[in-house]
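Comments concern the structure below.
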Amino acid sequence: MGDISDDLGLSRSQMGSVLGAWQFVYLGAAIPAGKFLDRVGLRSGLLVGIALVAVSGFLRAGAGGWYSLAAAVGVFGLGGPLISIGAPTLVSAWFGPEERGLAVGIAVSGPVVGFMAALLTANAVLMPAFDDQWRLVVAAYAGVAVLLGLAFWAVTARPPVSVASPWKRSIAGRVPNRALLSVPMVRHILLLAILTFFINHAIANWLPELLRDHGLSPTSAGFWAAIVSVPGLAAGILLPRLARPEIRRPLLVIFYLLLGVGLLPLAFGWGPASAMGILLYGAMRSAVLPVAMLFLMDHDEVGPANMAGAAALYFTAGEIGGVSGPVVVGLLADRGSFGPAVFLLVGVACALAVAALRLDNRPSSEKLLSESS
């Protein structure tokens, strides 16, 4: 990120606004994306999303300044919601309640693998291979998106008969988003989404630079920022399986508290406590999203029929925090250090733990279908 900023003459606050550009577009695109998936089907919608991600990468490689870079990143905000909404919708449709914890954990772990691979290879492998030309590195990642899209197209050419209907079109029983918003639990999950994305997008975008600010080399910073995702892989797959309805709420409270504990040492510099802390943060970051999704999937008034709409609302709300997180951290860092920003993120994690105490996984007495009729 420092090489891009230096080449294009961007300050930290300007780069923060670029990092938040796709989340800003996501805000307006998520709900239409859910409707688009219902109209064209999951396979076609996901293929369009992958294509837009690749286009965004190629446009970034050709950016000449703040405006063109922000626009290129914004294109990602059109493709991102199709993927992030389509994945949990597919899990909800394909798997039963006893299988969803593992399935949603695996789905959430996919981006973690990609994020870790990008951080590990960017400075250590691709930058030297391309003679420190960051544009070629970004273009290479866009090419990977193209290859993955082709692989997805081939693998999903013949879906199982049991999922043919939801795969091709919307499931019977879908209700308007306004009916989903009438469910108290859904509204509460949306609040959690805003604050969770505020933390996660801020750290995901700024952690390498934060570590460099603490004295680490670009390669070491990239290594540690990538290693954060290693415990997340195991946590994202295994912990949601433990989140049975009767213990789901206290588990989520504990996860948020541990997330804040993991971030706190980063406010004081780099050392063993910081290293252990970011590993703890990585595990908890990967656990909270699938558990929140399980609240939606298992609720009587959401379920497979309305998961696309519920996921669209979830990610739309989340990107309110996703947009502001990187920008706020960039603004605070421009004042001299990342310390105040880290303290802010720890406070938000504590607020999330308090908010999770009020979650109620019980369905309300009135059904959505009767409300929307």
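None of the figures in this text is laboratory data; all of them are computed from the coordinates on show. This structure is a prediction, so every number in the text was calculated from the model and none was measured. Backbone-built Cβ (ideal geometry, glycine too); neighbour counts: all protein chains shown.
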Requested in this report: Compute the acute angle (0 to 90°) between the alpha-carbon long axis of helix 134-155 and the principal axis of greatest extent of the alpha-carbon atoms of the chain; round to the nearest 10°.
Outcome: 20
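Where Rh denotes the Kirkwood radius from the mean inverse Cα pair distance, what is Rg over Rh for segment 2-372? Each step should come with its number before you reach the end.
Numbers: Rg = 20.0 Å, Rh = 20.9 Å.
So for segment 2-372, dividing Rg by the Kirkwood Rh gives 0.96.
Semi-axes of the equivalent ellipsoid of segment 204-244: what are they in whole Å, largest first, if each equals the square root of 5 times a C-alpha gyration tensor eigenvalue? Working shown, then result.
Numbers: eigenvalues 162, 16, 7 Å².
Rounded to whole Å, the semi-axes are 28, 9, 6.
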**Report entry** Euclidean distance of C-alpha centroids, segment 20-88 and segment 208-240, integer Å
**Finding:** 25
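Taking neighbour counts of Cβ atoms within 10 Å as a proxy for exposure, in what order, fewest first, do 274, 13 appear? It would help to have the intermediate numbers written out before the result.
Details: 274 21, 13 16.
Ascending Cβ contact count within 10 Å gives the list 13, 274.
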Query - Folded to 0 to 90 degrees: helix 184-213 orientation relative to the chain principal axis, Cα - result: 20
Report task. Fewest Cβ neighbours within 10 Å first, please rank 213, 131 accordingly. Result -> 131, 213
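Hey, what D do you get for segment 1-155 in µm²/s if you plug the Kirkwood alpha-carbon radius into Stokes-Einstein at 37 °C and 0.692 mPa s? Working shown, then result.
Numbers: Rh = 16.7 Å.
The estimated diffusion coefficient comes to 197 µm²/s.
Would you compute, from DSSP H runs of 4+ residues alone, the mean residue ellipticity of the chain at 222 nm, taking -39500 (n - 2.57) per run and dividing by the full residue count, rounded to the nearest 500? Write down the numbers at each step before the final one.
On the way: 17 runs with 291 residues, N = 373.
Helix contribution divided over all residues of the chain: -26000 deg cm²/dmol.
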Report task. Please report 83, 254, 189 as a ranked list, fewest other C-beta atoms within 10 angstrom at the top and most at the bottom. Result -> 254, 83, 189
Report summary line: Computed Rg/Rh for segment 196-286 (Cα atoms; Rh = Kirkwood radius) stands at 1.01
Query - Charge tally in the Cβ shell below 15 Å around residue 235, where Lys, Arg are +1 and Asp, Glu are -1, residue 235 excluded - result: +2
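Tell me, which longest segment in the chain has none of the GluC sites (Glu not before Pro) that fall in DSSP loops with at most 11 further Cβ atoms within 10 Å? Before the final figure, lay out each step's value.
Details: sites that count: 246, 366.
In short, 1-245.
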